Amino acid sequence: MKIVETVAEMQHLCRNLRTENAPLGLVPTMGALHAGHLSLVRRARSECASIAATIFVNPLQFGPNEDLAKYPRTFDEDCRQLADEGVSLLFAPTTAEMYPPGAATTISVTGIGDRLDGASRPGHFTGVATVVAKLFHIAHPHRAFFGQKDAAQLAVLRQMARDLNFDLEIIGCPIVRDADGLALSSRNKYLSPAERTEALALPRALRHIQQSIASGERQSDALIQQGMQELNRVKLDYLATVDAQTLLPVSTIQPGTLIAVAAWVGQTRLIDNFLVENLPSS
Ligand code: PAF
């Protein structure tokens, strides 16, 4: 696996990798890789002739009081895992390379970018959209792979790619969970054993809602109330039923509804969700 630090070299190498009959897949990450990230790489490998991954802890998507400084960095181990998974190219730029002095352009995806996590983390999705647009311009992938755990991010990036006419396909990949149900996240590393147990309230709340939907409940208010019963020991940010594409609230569950939750467990903010794909007939 070749590790590249400059935009110019990454552009040059991607230009050579990309041909019409040999699709290039891009897996953008902030490192601290876990099995969820590796599932994106495997999906990319199953669909693309070559894979480029990126590791860049993007300062633009962190708020002033967030965890940029302590965000886990496990670069050597990440490289080993990516190479083992067949990644041919890794882009790992410095902050100065991505945002040289004087850089003045950002991408705000208005409306949708201020919903869910965008509401509680002002500017977060502008940071995400800006860095991902830059990565798309640098690598020109045919397909880019993102986790469904960050469902709001996925919706914002799809909107951004549509609005800016990026000629690529965005692929959302299923959430990967630990055996106890906790969705994998690089931030799980922050949790003490007691907090990790508390964090299980998030998947439990979602399962409770899923079971109620399976039993015929369709009203968002009732489902949210049921989910809330599981969440009294965490500091809830949101538990919401929204349209998965627009992130606007829905009052009646239907295929395409996203049930999303965000909460702080101790100092750690965790998110989780599930997408209603089809409804059992009641
Ligand atoms: O999901 C992430 O890890 C980040 O938000 C991303 C897409 C790599 C942009 O920095």
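Here are some notes:
- Residue in the stretch 237-244 that is in contact with a Phe, Trp or Tyr (Cβ under 8 Å, 6 or more places away or on another chain) and either more than 30 Å from residue 141 (Cβ to Cβ) or crowded, with 20+ Cβ neighbours inside 10 Å (or both) present: yes
- Candidates 245, 210, filtered to the one that is touching a residue at least 40 places away in the same chain (Cβ under 8 Å), in a helix (DSSP H, G or I) and farther than 23 Å from residue 68 by Cα: 210
- Here is the figure for the stretch 169-187: residues that are within 14 Å of the ligand (Cβ to nearest atom) and of a type outside the set (Ser, Thr, Tyr) total 9.
- Qualifying residue in the stretch 216-236 (condition: of a type in the set (Val, Ile, Thr) and in a helix (DSSP H, G or I)): yes
- Restricting the stretch 249-266 to residues that are of a type in the set (Val, Ile, Thr) and without any contact (Cβ under 8 Å) to a residue 40 or more places away in the chain, the residue that is nearest to residue 188 (Cα to Cα): 257
- Of the residues making up the stretch 109-154, those that are assigned to a helix (DSSP H, G or I), within 30 Å of residue 20 (Cβ to Cβ) and among the hydrophobic types (A, V, I, L, M, F, W, C) are 128, 129, 131, 132, 133, 135, 136, 138, 139, 154.
- Failed criterion for residue 109 (all others in (1) touching a residue at least 12 places away in the same chain (Cβ under 8 Å); (2) more than 30 Å from residue 263 (Cα to Cα) hold): (2)
- Residue check for residue 256: closer than 30 Å to residue 69 by Cα and either surrounded by fewer than 16 Cβ atoms within 10 Å (Cβ to Cβ) or in contact with an Asp or Glu (Cβ under 6 Å, 6 or more places away or on another chain) (or both): no
- Here is the figure for the stretch 54-69: residues that are within 18 Å of residue 3 (Cα to Cα) and either more than 10 Å from the ligand (Cβ to nearest atom) or of a type in the set (A, V, I, L, M, F, W, C) (or both) total 3.
- Some residue of the stretch 105-125 being closer than 21 Å to residue 13 by Cα, within 12 Å of the ligand (Cβ to nearest atom) and either of a type in the set (A, V, I, L, M) or buried (at least 18 other Cβ atoms within 10 Å of the Cβ) (or both): no
Read the figures in this text as sums done on the coordinates, not as results from a lab. These figures come from a predicted structure and were not determined experimentally. With ideal geometry, Cβ positions are generated from the backbone for all residues, glycine too; neighbour counts draw on all protein chains shown.
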